[in-house]
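The values are calculated or read from the model by the stated rules, or taken from the named source; none is laboratory data. A quick note: this is a predicted structure, and the numbers were derived from the prediction, not measured. Glycine also receives a Cβ, built like all others from the backbone with ideal geometry; neighbour counts cover every protein chain displayed. In case anyone asks, the SASA skips ligands and DNA or RNA and just uses the protein heavy atoms, side chains included. Shrake-Rupley method; radii C 1.70, N 1.55, O 1.52, S 1.80 Å.
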Amino acid sequence: MGAVRNHFFAGIALVLLVAACSSPRATSSAAQVTSCINTGAPHHAYVVVQHLSGASLQRCVGFNSAMIDGQTLMDQSGLQYGAHELGSGKAMCQVDNEPAQYSQCFPPKQPYWALFVQQHGVWSSSPGGFTDAKLHDSEALGWHYVPAAESNPAPPPLARTLPGAGA
């Protein structure tokens, strides 16, 4: 009986050890952020990306001036993206390798990247392109990859500030 009990408790200990050591899964309910580029800067802006699958991620960029433009924020975020020059700015074609390939930014009946700007903890649709955006401390650019039929897309999860990086 003692040997059975020892195997039982050893099995439970093994299950707990595996659970404790396994890596956390990404969730779609909150953007994941692990660090901030130029964290020592006095101001911080964020990029939040929500994929078509619902998975999301976040990047933080520190900056010294009173504001940072959307182009600089995207460039410094380290996120992979592809944009196309239009007469009135740039259109976003690909973010974080979604879609995997593209030949045009807005192919008919295909998903597209909707742009949002977060100010004071609230998302709003961006009237212009990301190159027109001017962000201040703790503000964010938000990208949500949505189906073509979605004319009023929901924004991505709100940006979460890192402790000590813009509050």
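Count charges around Ser125 for me, please; just the other residues with Cβ under 15 Å from its Cβ, Lys/Arg as +1, Asp/Glu as -1. Don't skip to the end; give the middle numbers.
On the way: positive: none; negative: Asp132, Glu139, Glu150.
Charge balance near Ser125 sits at -3.
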(message) Let me check I've understood the local charge: for Glu139, count other residues with C-beta under 15 angstrom from its C-beta, Lys and Arg +1, Asp and Glu -1. What total comes out?
(response) 0
(request) Decide, for the stretch 37-101, between rounded, prolate and oblate: order the square roots of the alpha carbon gyration tensor eigenvalues as a ≥ b ≥ c, take rounded if a/c falls under 1.5, and otherwise choose prolate if a/b is larger than b/c, else oblate. (result) oblate
(request) Give me the distance in nm between label points sitting 7 Å out from Cα along the Cα-to-Cβ direction at Arg160 and Asp75, one decimal. (result) 3.0 nm
(message) With the crude spin-label approximation of a point 7 Å out along Cα→Cβ, what separation in nm comes out for His136 versus Ala100?
(response) 4.4 nm
(message) Whole-Hz ³J(HN,Hα) for each residue in the stretch 111-116, computed from phi via Karplus 6.51 cos²θ - 1.76 cosθ + 1.60 with θ = phi - 60°, x for glycine and proline: what do you get?
(response) x, 9, 8, 8, 9, 10
(request) Note down the nm distance, to one decimal, between modelled labels 7 Å out along Cα→Cβ at Met67 and at Ala55. (result) 3.4 nm
(message) Within 14 Å, Cβ to Cβ, of Gln71, how many net charges do the neighbouring residues add up to if Lys/Arg are +1 and Asp/Glu are -1?
(response) -2
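Please find the FRET efficiency linking Ala148 to Asn38, where r is the Cβ-Cβ separation and R0 is fixed at 35 Å, and quote it to the nearest 0.05.
0.45
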(request) Could you do me a favour and compute the accessible area per residue for the stretch 69-167, 1.4 Å probe, result in Å²? (result) 52 Å²
